[in-house]
Amino acid sequence: MTLYHLEYCPFCIDVRRSAESLGIELQLVDIGRDPKARAMLMERRGRGTVPVLGIPSDDGESLMGESRDIIEYLRGLAAA
Ligand SMILES: N[C@@H](CCC(=O)N[C@@H](CS)C(=O)NCC(=O)O)C(=O)O
């Protein structure tokens, strides 16, 4: 899974820390350094807010926003 983030965004830091403590490895894409990734989020979600979790799916990648929802999802995966 991919985490679209910004290094100093507190919501992103929460998600990164949660993933680390749950032992879930995420591929990090810093949208401050990757304008194409930011443009992709803008196009698909209508906004460039991060964190966004990219989850591989049949048709490519589904995108989940909101740090609370992402952390909840990661907890569910770790508990499964
Ligand atoms: N409610 C959101 C807040 C996320 C948020 O505000 N992210 C800020 C950075 S800390 C952001 O992406 N700002 C850029 C923008 O809104 O375009 C969450 O918990 O994920």
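The values are calculated or read from the model by the stated rules, or taken from the named source; none is laboratory data. This one's a predicted model, so the numbers in the text were calculated from it and none came from an experiment. Note that each Cβ is placed from the backbone with ideal geometry, even for glycine, and that neighbours are counted across all protein chains shown.
Would you pick out the residues in region 26-37 that are assigned to a strand (DSSP E or B) and either among the acidic types (Asp, Glu) or within 14 Å of the ligand (Cβ to nearest atom) (or both)?
Matches in region 26-37: VAL29, ASP30.
Looking at region 66-73, can you tell me whether even one residue there is aliphatic (A, V, I, L, M) and in contact (Cβ under 8 Å) with a residue 24 or more places away in the chain?
Yes, region 66-73 has at least one match.
Within region 45-58, can one find any residue that is among the hydroxyl-bearing types (Ser, Thr, Tyr), more than 9 Å from the ligand (Cβ to nearest atom), surrounded by fewer than 14 Cβ atoms within 10 Å (Cβ to Cβ) and not in a helix (DSSP H, G or I)?
yes
So CYS9 fits all but one of (1) within 16 Å of ASP69 (Cβ to Cβ); (2) exposed (fewer than 15 other Cβ atoms within 10 Å of the Cβ); what number is the exception?
The single condition CYS9 does not satisfy is (2).
Taking region 1-25, which residues are without any contact (Cβ under 8 Å) to a residue 24 or more places away in the chain and assigned to a loop (DSSP other than H, G, I, E, B)?
Correct list: TYR8, GLU25.
Answer yes or no: is there a residue in region 41-58 that is in contact with a helix residue (DSSP H, G or I) (Cβ under 9 Å, 6 or more places away or on another chain), among the small types (Gly, Ala, Ser) and modelled with pLDDT of 95 or more.
Initially, region 41-58 is screened for residues in contact with a helix residue (DSSP H, G or I) (Cβ under 9 Å, 6 or more places away or on another chain), giving 47-53, 55.
Narrowing the set further to residues that are among the small types (Gly, Ala, Ser) leaves 48.
Narrowing further to those that are modelled with pLDDT of 95 or more: none.
Within region 41-58, not a single residue is in contact with a helix residue (DSSP H, G or I) (Cβ under 9 Å, 6 or more places away or on another chain), among the small types (Gly, Ala, Ser) and modelled with pLDDT of 95 or more.
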